[in-house]
Amino acid sequence: MEENENSFKSVTVTKNRNNSFSKSVLLPFISGVLGASLVVGTCFCVPGFREVIFDSGEVQEQKTSQSTVQNTNSMQVNAQAISLQGYSETSMGVAEKVLPSIVGIQIEYSVNSFFGTSTQTATGSGIIISEDGYILTNNHVVSGTSNSSYYEITGATSVKVTLYNDETVYDAELVGKDDETDLAVIKINKNGLKKAELGDSDSVKVGEFAMAVGCPLGLNTTATSGIISAVNRTVNTSDGGKYVAIQTDAAINSGNSGGALVNSQGQVIGINTLKLAGTGIEGIGFAIPINSTTDVVSQLIEHKKVIRPYIGIEGIELDESKAKQYKLPEGVYISKINDFSAAQKAGLKVGDVITEVEGKKVKSVDEINEIKETHKIGDEIKIKVTRDNKEMEVKLKLEEQP
């Protein structure tokens, strides 16, 4: 009622100024105000009316809140539009930076079959890694040797390279190749090339931007974009190869092999190598992490091959069920020892079961190789074996793989 009294007082002031106005207009007005005040006061005392009034206030607050959400959504849409523009600019910047470092590769093979000898061609991609013409690619791009009961494909008889915005076709020589990592280095006789900037594949995160650049189906300097789908993905190939790869949904097609997988800074983080194909499969490609290629590349350039430590055994993996079946410990059963190998010189025998290498338990040939690859030729490693139900330790000096 304090508000009403204030209103009444203000009216009173006005009343003193004009009596006729007070009688004809002000008095009815005051009566209406007082009546409304009583009604409002009564309503506030009745719970039902009170709830209605307060609820209407909450509805108003909800409307205000909804309006705020709508404004926020509008701001998010605008932010997305800005983000898309930024994404587009990123893609253009990356492509502009990396395309001059990507080459197209054309290969000719000789195919011998029942019908005689013919020449076939194939295409691939490569990455310039030096200004004086060294190019990194996949071994399967430039090797291609294959045998079957119907035909034989020899190694590449001709390797040619095309550069970005250059119609000249350059002859390339094979510097070195490595079947195990599926990497190869070729070289053209040209200086002043733009070498690619290499990134750090160990720092790659799932979900980050990725661009695949290469020459799919012979379409030179083609760029496709996507994200990093997975890292450290183990991939087994149909020919027995095994890779720890970066997975991406950036489109990779035939001819992309040897091309670059690039991050948002235009740095090469992988060598596009594999893809899954078939009904119901889409957007699953794999790249060899660039960090794993540096030592291989330097060895290919220096030695024309990769020099690896060598044990010289063939083995059968004994899992828990097989070990129980044959009453042997879990590990790797030695089924063959190569002549004049490090294993033979160390005294290992067929029938031994390798259970530990350098103090680490092993249950597969891959685990033995992983430990071996952390050592150099000439290093001595300790191998624990079980022979005739007795454990023994053998010291083996790693040699160069023949």
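The values are calculated or read from the model by the stated rules, or taken from the named source; none is laboratory data. Keep in mind that this is a model prediction, so the values were computed, not measured. Here the Cβ is made from the backbone with ideal geometry for all residues, glycine too, and neighbour counts use every protein chain on show. The accessibility values were calculated without ligands, DNA or RNA, using every heavy atom of the protein model including side chains. Shrake-Rupley method; radii C 1.70, N 1.55, O 1.52, S 1.80 Å.
The set of residues in the stretch 219-245 that are among the hydrophobic types (A, V, I, L, M, F, W, C), surrounded by fewer than 19 Cβ atoms within 10 Å (Cβ to Cβ) and out of contact with any Lys or Arg (no Cβ under 9 Å at 6 or more places or on another chain) comprises 219, 227, 230.
Taking the stated definitions as given, is residue 183 open to solvent by 70 Å² or more (accessible area, probe 1.4 Å), of a type in the set (A, V, I, L, M, F, W, C) and within 28 Å of residue 402 (Cα to Cα)? No; evaluated as a whole, the condition is false for this residue. When the stretch 198-243 is filtered for residues that are polar (S, T, N, Q), assigned to a strand (DSSP E or B) and in contact with a helix residue (DSSP H, G or I) (Cβ under 6 Å, 6 or more places away or on another chain), the ones remaining, listed by number, are 222, 225.
Give just the number: which of (1) at pLDDT below 95; (2) surrounded by fewer than 12 Cβ atoms within 10 Å (Cβ to Cβ) does residue 395 not satisfy? It fails just one condition, (1). If you check 332, 365 for being under 39 Å from the mean Cα position of the chain (by Cα) and modelled with pLDDT under 95, only one passes: 365. Restricting the first member to the stretch 336-347 and to residues that are touching a residue at least 12 places away in the same chain (Cβ under 8 Å), and the second to residues that are of a type in the set (Asp, Glu) and open to solvent by 30 Å² or more (accessible area, probe 1.4 Å), the beta-carbon pairs closer than 7 Å and six or more apart or on different chains are 336/314; 342/399.
Counting the residues of the stretch 361-402 that are among the hydrophobic types (A, V, I, L, M, F, W, C) and touching a helix residue (DSSP H, G or I) at 6+ places or on another chain (Cβ under 8 Å) gives 6. Within the stretch 98-138, the set of residues being acidic (Asp, Glu) and in a strand (DSSP E or B) comprises just one member, 108.
In this structure, is residue 172 modelled with pLDDT under 90, among the hydrophobic types (A, V, I, L, M, F, W, C) and either open to solvent by less than 90 Å² (accessible area, probe 1.4 Å) or under 30 Å from the mean Cα position of the chain (by Cα) (or both)? Answer is no for this residue. Among all residues of the stretch 107-120, there is at least one that is farther than 15 Å from residue 158 by Cβ, open to solvent by 60 Å² or more (accessible area, probe 1.4 Å) and without any contact (Cβ under 8 Å) to a residue 24 or more places away in the chain.
Could you go through the stretch 90-101 and let me know if any residue there is under 20 Å from residue 167 (Cα atoms), in contact with a Cys (Cβ under 6 Å, 6 or more places away or on another chain) and at pLDDT 85 or above. Looking for residues that are under 20 Å from residue 167 (Cα atoms), in contact with a Cys (Cβ under 6 Å, 6 or more places away or on another chain) and at pLDDT 85 or above, one finds none in the stretch 90-101, hence no. In the set (1) of a type in the set (S, T, N, Q); (2) part of a strand (DSSP E or B); (3) farther than 24 Å from residue 301 by Cβ; (4) modelled with pLDDT of 90 or more, the condition left unmet by residue 165 is number (2).
A quick yes/no check of all residues on (1) modelled with pLDDT of 95 or more; (2) of a type in the set (A, V, I, L, M, F, W, C):
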residue	(1), (2)
179	no, no
185	yes, yes
188	yes, yes
192	yes, no
195	yes, no
202	yes, no
220	no, no
238	no, no
247	yes, no
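Only one of the numbered conditions (1) farther than 22 Å from residue 131 by Cβ; (2) more than 12 Å from the chain's Cα centre (by Cα); (3) open to solvent by 70 Å² or more (accessible area, probe 1.4 Å) is violated by residue 197, and that is (1). Mind checking which residues of the stretch 262-283 are of a type outside the set (A, V, I, L, M) and either assigned to a loop (DSSP other than H, G, I, E, B) or within 18 Å of residue 208 (Cβ to Cβ) (or both)? Once the filter is applied, which keeps residues that are of a type outside the set (A, V, I, L, M) and either assigned to a loop (DSSP other than H, G, I, E, B) or within 18 Å of residue 208 (Cβ to Cβ) (or both), the stretch 262-283 yields 263, 264, 265, 266, 267, 270, 272, 278, 279, 280, 282, 283.
Applying the set (1) more than 23 Å from the chain's Cα centre (by Cα); (2) at negative phi to residue 165 leaves exactly one unmet item: (2).
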